[in-house]
Amino acid sequence: MIISPSVLAMDYSRMKEQTEEVNASAAEWIHFDVMDGHYVPNLSFGPDLLRGFRKLSDLTMDVHLMVEEPHKFIQPFVEAGADIITVHEEVLHDYEKVMEMCEYIHSFGVKAGLAVNPMTDVRRLQAYLKHYDLFLIMCVEPGYGGQPFRPASLSKIKNLRKWIDHTDSNALISVDGGIKLDTGRECARCGADVLVAGSYVFKDDIGKAVDSLVHCIDRTQADRKDS
């Protein structure tokens with residue numbers, strides 16, 4: 001299981017210190033939310049800030065674009081150090097546009113992800129199982145941190161896990177929104193590969209929070225083997 005702390009919840013007066021704590025933890029990725037104030041009613045980060053994180057960390061930079069015109073953001077974020085770039089299916093919607101975006105992201109030598117919001121039918125991802133590297137299930141409405149987890153997301157994870165396994169896809173399932181100890185365990189049981197956690201990780205002790213997710217996931221995986 002991969003833990004991807006979302007720096008949207010970081011204390012930016014302690015950016016270097018908290019990034020070093022993430023580096024020292026069991027986290028493998030850093031999740032970077034990009035919001036344009038149009039697709040979602042909030043603004044966040046540009047590529048220059050990602051470039052700063054890249055100087056502080058060798059972890060995988062997991063960039064989530066919540067923007068209306070994602071094609072304009074791909075190259076700047078790749079040049080800033082992105083390893084994975086995820087776009088929203090709802091923005092592209094059309095099959096040809098979704099496929100073109102996948103090819104465009106891959107042309108820069110980075111991995112491509114496709115996200116869906118809580119109200120989007122997860123079946124819309126089925127056509128892309130063998131093309132995208134990651135599928136992001138939003139468990140809250142995108143745009144703001146600290147929202148409660150939506151339990152309906154669990155059925156989406158289960159279905160997506162089944163489809164990926166049946167098509168021999170290598171794609172990962174990532175979940176974002178309201179992830180903490182109990183919801184992380186439930187997502188792991190349903191087949192998630194990546195947990196994006198913001199408020200839970202940066203609330204107090206970063207290393208302890210990440211470790212708690214890792215240990216609950218290890219127990220869940222052991223439960224699966226025994227069942």
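Just so it is clear, none of the values below were taken in a lab; they were calculated from the coordinates. Keep in mind the model is a prediction, meaning the values are calculated, not measured. So basically every Cβ, Gly included, is an ideal-geometry build from the backbone, and we count neighbours across all protein chains shown.
Find out how many positive minus negative residues lie around residue 36, taking Lys and Arg as positive, Asp and Glu as negative, among other residues whose Cβ is under 13 Å from that of residue 36.
Summing Lys and Arg as +1 and Asp and Glu as -1 gives -2.
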(request) If a/c stays under 1.5 just call it rounded; otherwise compare a/b with b/c (prolate if a/b is bigger, oblate if not). Do that for segment 36-110, with a ≥ b ≥ c from the square roots of the Cα gyration tensor eigenvalues. (result) oblate
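Tally Lys and Arg at +1 and Asp and Glu at -1 over the other residues with C-beta under 15 Å from the C-beta of residue 24: what net charge comes out?
Its environment carries a net charge of -4.
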(message) Given an 8 Å cut-off on Cα distances and at least 6 residues of separation, report the relative contact order of the chain as a percent.
(response) 21 percent
(request) Between beta-carbons, use under 12 Å as the cut-off and find the net charge around residue 50, counting Lys and Arg +1, Asp and Glu -1. (result) -2
(message) Let me make sure I get this right: for segment 42-159, a, b and c are the square roots of the gyration tensor eigenvalues over alpha carbons, sorted descending. Under 1.5 in a/c it's rounded, otherwise prolate if a/b > b/c, else oblate. Which is it?
(response) oblate
(message) Run the helix sum for the chain: -39,500 (n - 2.57) per DSSP H stretch of 4+ residues, divided by residue count, reported at 222 nm to the nearest 500 deg cm²/dmol.
(response) -12000 deg cm²/dmol
